[in-house]
Amino acid sequence: MIEQLQNVYALHTDRTTYCFAVTAQGFLQHLHYGRRIDLSAGAAPLLPQEHHAPGNAAVMEGAFLETLLQETSSPGLGDLRESQVAVRMADGDTLTDFRFEHADILQEKPALSGLPSAYDESGRAETLRVSLLEKKGRLRLTLFYTVFEDCDVISRRAELTNLMDQSVTVLRLMSNQVDFDRQDLVMTSFNGAWAREFEPTHTPCGAGVVVSESRCGVSSNRANPFVMLHAPCATEEHGDCYGFHLIYSGDHRACACGNAYGALRFLHGIQPDGFSWLLEGGETFAAPEAAMTWGDGFAAMSRGLHRFVREHIVRGEWKRRERPVLVNSWESLYFRFNHHALVKLAGQGKHLGAELFVLDDGWFGKRDSDTCSLGDWTTVHKKKLPRGLAGLARDINALGMLFGLWVEPEMVSEDSDLFRAHPEWILGRRDQAVGRNQYVLDMGRREAQEHLIEALSRVFAAANISYVKWDMNRIITDDYSAALPPERQGESRHRYVLGLYHVLDELTKRFPHILFEACASGGNRTDLGMLSYMPQVWLSDNTDALCRCRIQYHASFGYPQSVMGAHVSGSPNHQTLRRTPVSGRFHVAAMGLLGYECDLRELSHDEKLQVASQIEFYKQHRAALQFGDLHRLQGGEGGIWQMSCVSKDREEAVTLLFQQENRPNAGAVRLRARGLERECAYRISVLPVKVALKDFGGLVNMISPVHIRQDSLMQTIAEKVIAPKSESEDMTATGDLLMTCGAYVKQSFSGTGWDAETRVMGDSGSRLYILKKQ
Ligand code: DGJ
């Protein structure tokens, strides 16, 4: 709900209020963002009573912009913090002074052309449009605030219109600005690199500048565009927690900039360094949309963001559809496959219960390694696939499985027909640093966009394709665009993103039934821009259960599990060489969108049985695991992680307990709970796992009548005959008790005794517990 109380505008969601006032001079003075407040008896206490200019501060018609909390900012007026807007006029002038013109409350969200944006099917989301005119009448700045009440999210964006008949250079137009009257906040950003995405970095804010940004052309695994500002002692349950998203897939910057008066300005938008945009007379430049929420505790913050992503970002036929369990060919076959091997792998998958088979890299041109053929999408690798994609899809469909395909359309290999025909289509110069032997196509070029739309349409229509994995395997380094004049070179990276969005928009409209999954060497482009076209993302190339548990846990601060592709891969793991039992790999992958990426043909008979029952279990609980409420219950304290997916109707919860290392004699472990119905009783059980006799080493000889040597034939035989079962659990308690106290689970193996009810988990060990309402 948006209300206007004289000169105050207040935006209310179910639990939050965001409000600002228009000052006598026409500046927008920020008043409050956080817990919902009642303004019906006035807003006066929110206005600082400062009338005397502080010391040597600059005064603008009685206003001290250096201290004023504002909704927008521009340089040259005495506000020394980084600003939201900066332009350079044709004569070099950079001072712009925006004053309130008018504001209106819209019942419909105005369209944002060329960029993805949040949408609202219910028609309840109101938008406040505020227009500010530059004092000399040269520019108009329009700010948009949309209120998504159901999920406590407010989105913001900005547009700049050139009212002159000569051009102006936009140096920055940040999407979001929130001024806080406190500096005791911590910025948590999610940094990392390939295969170690979403590592949280906690930086206390203060009088300086704290920055999290990407400069590699994509939203990046170096610094995800999602960041949080929170009270230093905030917990899952309590404390001010602000979450900020940017609906954008290119370079970005989030910064918290403190001033000398204890204030902090948060800015979020396109990375301004190196960016510029030549705005001709009459033209408008639109910044991407940003989204923010406040919650009392991280749990409340994430709950709002998860709902926002599920309801207002992800769209299309797959929005609410349960996602199929897939088998992906990459880590089992890499580039070495043929029609027969693929059908065999798929057949094994089908036998075990999988529903979709995905052919990854290596199916086109003469691609037998990563040195060639990117760009040659319409030429199938005839040697590997003599019956073409259509023939393969037919055989996969005949097994009763859907068929999916990998593509990496934004890239071109030097050794490709596309590059030979259009060397001028690459972004940057020929002698640039290359990544994975490939160049980036200049997606800002109309002709490259049109080519991709047509070429990929042919591919997607040539076979019965139900799923597409859209990859992007290098960072952008040199951004010189041969298609742009010198004065527009600062536009190339943003034009790249706009071009990409145009291609995605067109293809997803042409092929609405296809389930698209975004991938960029794993999680190098996990953002709400991509999720506006593709309902899910391959979160990381790292499928090691321990690493994945951390990655998924931390990603969940900003993203729901319904967008996280998570696979069971081989052991030893291909990224870490760590060995984890197939049960543990499944437990972690089950907290996302389940897939298998190991060579199912080579699993032992016993492992196959396990996989079959994993898939059966997953399907039974899929609604809760994919679309239920995800709760973080323990974040690595004591080496233990707990996450739980609670079904929408709160009938059941599936909880992951993961332990990094087996510490003997480490004390009892409590299973934690959240999101249950307090007054209802829940019965707890544990998903049984296979306990391997050989994991007990020489200890078996303490009870064995004959001596069993490790790795001997005798051990293999004994393993078959004596299959120790894992412990069981059977407890019933109210949701209230479980959420307040948790439930002690069976004792962990501690080196001093074992019986059938001992929990044997080992390093990187795990369990899934099921809580069923009685
Ligand atoms: C990088 C992706 O993240 C992998 O899953 C796989 O698709 C490879 N690219 C294929 O080249």
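Values as computed for the structure displayed
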| quantity | calculated |
| --- | --- |
| Cα centroid separation, the stretch 400-433 to the stretch 45-119 (Å) | 43 |
| Inter-site label distance for residue 663 and residue 317 at 7 Å from Cα along Cβ, in nm | 5.1 |
| Inter-part distance where the stretch 308-336 and the stretch 182-254 are each reduced to a Cα centre, Å | 26 |
| Coil-residue GluC sites (Glu not before Pro) of the stretch 192-243, DSSP, other Cβ within 10 Å capped at 15 | 237 |
| Accessible area of the stretch 660-743 belonging to carbon and sulfur atoms, whole % at 1.4 Å probe | 56 |
| Carbon + sulfur, % of accessible area of the stretch 519-562 - ligands and nucleic acids excluded, 1.4 Å | 47 |
| For residue 1, net neighbour charge (Lys/Arg +1, Asp/Glu -1) across residues whose Cβ lies under 11 Å away | -2 |
| Residue 237/residue 59 FRET efficiency (R0 35 Å; Cβ-Cβ; nearest 0.05) | 0.20 |
| The chain - mean residue ellipticity at 222 nm from DSSP helices (-39,500 (n - 2.57) per run, n ≥ 4, rounded to 500) | -5500 deg cm²/dmol |
| In degrees, nearest ten, helix 545-555 long axis to first principal axis of the chain (Cα) | 20 |
| Tilt relative to the chain, helix 298-308 - C-alpha long axis, 0 to 90 degrees, to 10 | 80 |
| Inter-centroid distance (Cα atoms) of the stretch 371-387 relative to the stretch 132-154, Å | 49 |
| Residue pairs, from the table 608/773; 350/509; 384/469, whose Cα atoms sit over 22 Å apart | 608/773; 350/509 |
| Probe 1.4 Å - accessible area at residue 51, Å² to nearest ten | 140 |
| Accessible heavy-atom area order of 109, 469, highest first, probe of 1.4 Å | 109, 469 |
| Space enclosed by the convex hull of the alpha-carbon atoms of the stretch 472-546, per residue, Å³ | 115 |
| DSSP-loop GluC sites (Glu not before Pro) across the stretch 285-323, with at most 13 other Cβ within 10 angstrom | 317 |
| Distance in nm between pseudo-label sites at residue 280 and residue 454 (7 Å out along the Cβ direction from Cα) | 2.6 |
| Sparsely packed GluC sites (Glu not before Pro) within the stretch 11-91, loop by DSSP, other Cβ within 10 Å at most 16 | 50, 61 |
| Cα-only Debye scattering, the chain: base-10 log of I(q)/I(0) at q = 0.09, 0.10 Å⁻¹ | -0.87, -1.05 |
| Probe 1.4 Å - accessible area at residue 169, Å² to nearest ten | 20 |
| Highest-first arrangement of 243-254, 426-437, where packing means the average Cβ count within 10 Å | 243-254, 426-437 |
| Of all DSSP beta bridges in the chain, antiparallel share, percent nearest 5 | 85 |
| Folded to 0 to 90 degrees: helix 492-510 orientation relative to the chain principal axis, Cα | 60 |
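The values are calculated or read from the model by the stated rules, or taken from the named source; none is laboratory data. Keep in mind that this is a model prediction, so the values were computed, not measured. Using ideal geometry, Cβ is built from the backbone for each residue, glycine included, and neighbour counts are taken over all protein chains shown. With ligands, DNA and RNA removed, areas are computed over all heavy atoms of the protein, side chains included. Shrake-Rupley method; radii C 1.70, N 1.55, O 1.52, S 1.80 Å.
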